Amino acid sequence: MPDLNASADPSVSGSTSGAVAVPGADAIAAIRSGMTETPDFPSEGILFRDLSGLFADAAGLRTVASALVEGFGPIDAVAGVEARGFVLGAAAAVASGNGMLAVRKAGKLPGEVLNESYALEYGSASLEVHPSTLPQGARVVIVDDVLATGGTLTATIRLMERAGWDVVGVAVVLELVDLGGRAVVEAVTSAPVKALLAL
Ligand SMILES: O=P(O)(O)OC[C@H]1O[C@H](OP(=O)(O)OP(=O)(O)O)[C@H](O)[C@@H]1O
Ligand SMILES: Nc1ncnc2[nH]cnc12
């Protein structure tokens with residue numbers, strides 16, 4: 001059996017767990033060229049990673065979207081977290097032949113919703129879903145742009161579980177290793193957590 005965690009790019013080493021495929025050099029190149037790093041945004045002390053350049057790069061977005069969902073086995077939907085996770089989640093859903101479950105910021109969905117609050121590197125927020133959006137037992141891969149403290153993904157995993165959906169994988173473009181979010185996320189799910197690039 002091939003070593004699925006092996007990679008020619010040292011920055012990827014250790015950024016995946018479980019038997020999930022690692023990204024190719026083309027995905028890593030697209031991420032690096034489509035990313036900006038801005039100090040002291042949105043508040044002092046935060047080094048903000050923005051992927052707007054990647055979102056606007058047609059070939060790069062396609063490559064990264066495929067890499068995000070690769071290796072998780074059969075799934076029924078991709079869950080994208082508002083707002084930057086919508087871009088990647090929708091592209092990953094199309095790439096894998098699935099629809100996208102929109103995990104919304106609080107107050108955007110009408111009717112009865114499930115809600116989870118969480119802390120971020122620079123604030124706090126709440127996420128919501130309608131439990132009727134997918135059938136019970138639906139196999140879902142959660143997609144977002146950045147794993148920082150892990151609060152957003154932990155809240156999303158809780159929402160999926162409360163709705164009766166099966167989280168079979170979590171995939172992000174960037175993992176900010178020093179913030180320790182991977183351990184936080186892995187404490188609430190046994191699903192593999194894949195980061196295409198660890199910084
Ligand atoms: O691991 P964490 O510490 O939770 O941080 C990661 C989250 O932070 C950002 O979301 P933000 O709420 O800033 O939303 P946006 O996508 O609407 O810009 C990012 O898009 C991730 O969802
Ligand atoms: N440093 C950071 N850059 C971009 N998105 C983030 N989300 C949480 N921390 C972040």
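Any residue that is at pLDDT 95 or above and not in a strand (DSSP E or B) - is there at least one of those in the range 164-171?
yes
Do we find a residue being within 11 Å of ligand 1 (Cβ to nearest atom), closer than 12 Å to residue 173 by Cα, touching a Leu at 6+ places or on another chain (Cβ under 9 Å) and part of a helix (DSSP H, G or I) anywhere in the range 55-69?
Among the residues of the range 55-69, not one is within 11 Å of ligand 1 (Cβ to nearest atom), closer than 12 Å to residue 173 by Cα, touching a Leu at 6+ places or on another chain (Cβ under 9 Å) and part of a helix (DSSP H, G or I), which makes the answer no.
Just one of the numbered conditions (1) under 18 Å from residue 154 (Cα atoms); (2) crowded, with 21+ Cβ neighbours inside 10 Å is not true of residue 30; which one?
(1)
Take the residues in the range 167-193 that are touching a residue at least 40 places away in the same chain (Cβ under 8 Å) and among the acidic types (Asp, Glu), then tell me which one is nearest to residue 138 (Cα to Cα).
Filtering first and then ranking leaves 186.
Of the residues 198, 191, 91, which is over 18 Å from residue 64 (Cα atoms) and modelled with pLDDT of 95 or more?
191
Among what's in the range 149-164 and is farther than 14 Å from residue 121 by Cβ and in contact (Cβ under 8 Å) with a residue 60 or more places away in the chain, pick the residue that is nearest to ligand 1 (Cβ to nearest atom).
In this case the residue turns out to be 156.
Among the residues of the range 84-128 satisfying the criterion of being basic (Lys, Arg) and within 16 Å of ligand 2 (Cβ to nearest atom), which is surrounded by the fewest Cβ atoms within 10 Å (Cβ to Cβ)?
105
Which ones in the range 134-151 are within 25 Å of residue 197 (Cα to Cα), assigned to a loop (DSSP other than H, G, I, E, B) and out of contact with any Asp or Glu (no Cβ under 6 Å at 6 or more places or on another chain)?
150
In the range 154-170, what count of residues is obtained for those that are touching a strand residue (DSSP E or B) at 6+ places or on another chain (Cβ under 6 Å) and within 16 Å of ligand 2 (Cβ to nearest atom)?
So the answer is 3.
Could you list, in sequence order, the residues of the range 33-76 that are surrounded by 14 or more Cβ atoms within 10 Å (Cβ to Cβ), of a type outside the set (D, E, K, R), out of contact with any helix residue (DSSP H, G or I) (no Cβ under 9 Å at 6 or more places or on another chain) and under 24 Å from residue 93 (Cβ atoms)?
If the condition is that a residue be surrounded by 14 or more Cβ atoms within 10 Å (Cβ to Cβ), of a type outside the set (D, E, K, R), out of contact with any helix residue (DSSP H, G or I) (no Cβ under 9 Å at 6 or more places or on another chain) and under 24 Å from residue 93 (Cβ atoms), then 71, 72 are the ones that fit.
The values are calculated or read from the model by the stated rules, or taken from the named source; none is laboratory data. Owing to the predicted nature of the structure, the values given are computational and were not obtained by experimental measurement. With ideal geometry, Cβ positions are generated from the backbone for all residues, glycine too; neighbour counts draw on all protein chains shown.
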